[in-house]
1. By count of other Cβ within 10 Å, fewest leading, how are Ile119, Ile127, Ile355 ordered?
2. Expected output is a single nm value to one decimal: the length gained when fully extending between Ser235 and Leu388, i.e. 0.36 nm times separation in residues minus the C-alpha distance. What is it?
3. Subtracting the Cα-Cα distance from 0.36 nm times the residue separation, let me have the gained length for Glu251 to Arg17 in nm, one decimal.
4. In whole angstrom, and with the biggest value first, how far do the Cα coordinates of the chain range along each principal axis?
5. Got the relative contact order for region 49-379 handy, in percent, Cα pairs under 8 Å and 6 or more residues apart?
6. At 4 °C and 1.567 mPa s, what whole-number value in µm²/s does Stokes-Einstein give for the translational diffusion of region 329-418, with Rh from the Kirkwood sum over Cα pairs?
7. What number does region 282-440 give for Rg over Rh if you use C-alpha atoms and the Kirkwood radius?
8. If I model a spin label at Arg140 and Asp419 as a point 7 Å from the Cα along the Cα→Cβ vector, what separation in nanometres do I get?
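Taken together, the values in this text are just the output of simple stated rules run on the coordinates, not laboratory data. It should be emphasised that the depicted structure is a prediction, and the values quoted were computed from it without experimental measurement. Note: ideal-geometry Cβ built from the backbone for every residue, glycine included; neighbour counts use all protein chains shown.
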Amino acid sequence: MSSVLKICLTSEKSGSRLAELTPVEFGLQPGWEQPSITVDARFRYQKIEGFGGAFTEAAASTFYKMSPKNRAAILEAYFGDGGHGYSLCRTHINSCDFALGNYAYDETEGDTELKHFSIDRDRKALIPLIKAAQAVAGERLKLFASPWSPPAWMKTSGAMNCGGKLKAEYREAWAKYYCRYIQAYRMEGIPIWGLTVQNEPEATQTWDSCIYTGEEERDFVRDHLGPTLHRFGMSDVRLMIWDHNRDRMFERAKAVLDDPEAAKYVWGTAFHWYTSDCFENVQRVHDAWPDKQLLFSEGCQEGGPHLGEWSMGERYARSMIQDLNHWTVAWVDWNLVLDETGGPNHVGNLCSAPIICDTQRDEVLYQSSYYYIGHFSRFIQPGAERILCASTRDELESTAFINPDGTTAVVVLNRSNLDIPFALKHGPGAATVQSPAHSILTLRF
C-alpha cells in the first residue's frame, strides 16, 4: 500500500495546536503486540450534516465590541476555508439566558394574529453577525433555531423566566409564531434549516424557560406545530424534539415518536450534555427509530470562562467521539464567543466558549476547546459517512469518516498521561503514529 498518512496534532505538552506533522507512509502491518486502530470503509453508518456553534445576542454584542481586525479573524477562524469551516449553527427565537435581557418578538397581550410581530431587536447585532458569517461561509452555512420561552402573555406564569407552561388557548398562536419567525428571517436573507420545539423543556431555570411533559410536546407537535408548518409551506424545515440532556432522551423520544401522527412531522431528536453522559441513550434512540436523526444541539463548560483549561478541550472531544459513534449526524457547540467574564448573561449564568474575547484589551483568546473542535470540523465534511473504527486500547478513543471527496479522516483522542505509539490499520497496510499524552490527532489518507 503506497498511501501517505497526513497527521494533524494538538497536544498540551508540546504546544502543538492543529499542527501539521511530517506525513507517514503506510507499510506492512506490525505484529499484534502493538496497540492499533483499524478502519474499514466497507461498513458505513450515518452521514454528517455538519459542525458549528450558536449565534446568540451575547455572542453578537461581544463580537461587535472587538476591533474590525479581530472581528475578521474570528469569522475566519470559525467559518473560513482555512478555519473550522462551520456549516451548521444554532440561534434563539425570542431571548435566552445569553441575551442582554428578556424580549419577545410580540409583547402585545392577546395578539393571537401576531399583528405586532417584529424582529427589530435581532437587527441590532444578532442578524448582522449571522450575515457576516454567511459572507465568509457562503451557502455551506445552515441555521436552526430554538425557543427558550414564548412571550410572557402566552404562559401560565405570566413571565418568560422561571418555567411556566404554554397556555392551551395560545398553542395555535405559538405555532404560527415559529412560522412568522421563519418568514421574517427569510426576508433578511437567512434561511432557517431546522427548528427545535423547545430548549430544555424539563428545566425550570431562573432564565427564559418553558415546561412541557413528553405528552404535551407530542400533542403540540401533532396537533399544532407540525400541521401549521405544513400549512405555511414549511414542511422542508427539519423539526426536532427534546433539545435537552441525554439522560431522559429515550423516554422523551418515545413519548413523541411512538405516536405515528406526531412522528410524521419529526425529523429527529436534539440533545445536550449536561447532568450526565449516558452516551448509550443516543444509540438507543437510533436503534428504536432508525429513520429519525440525532443532533447534538448544545454543550459548553459551565461556571465562568475557564481561561486556558486543557480539560475543556478533552471534554468536547470525548463527547464528540462518543456521540458520533452512536449515530449523531451533527454536533453544535453553544456560544461562538463570550467576553472575558464568560458573559454577558442576563441572569449571571456565566460559561466558557471556544473563543473568549477580552473586550477590555481587544484580544482574541483561543481556548483548548477551539482546537479540539477543529480536529473534527476541519476534516470531516458535510456528507461524510462514518465508517467502522476499532481501537485496541481504552486510552485511544477514536472515530473515522470517509468524505465525499474520497479522503478518510480518523480522529484519535488520548486523555491519559501516557504517550502511546499505535498502528493505524487500513486494508493490508498500516502506519505507525505516536499519540502523545493529553492530545488529539486527525489522520487523513
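1. Ile119, Ile127, Ile355
2. 51.7 nm
3. 80.2 nm
4. Here the Cα extents, ordered largest to smallest, are 73, 53, 35 Å.
5. Averaging sequence separation for qualifying contacts and normalising by length gives 20 percent for region 49-379.
6. The diffusion coefficient I find is 83 µm²/s.
7. Rg/Rh for region 282-440 comes to 1.01.
8. 3.4 nm
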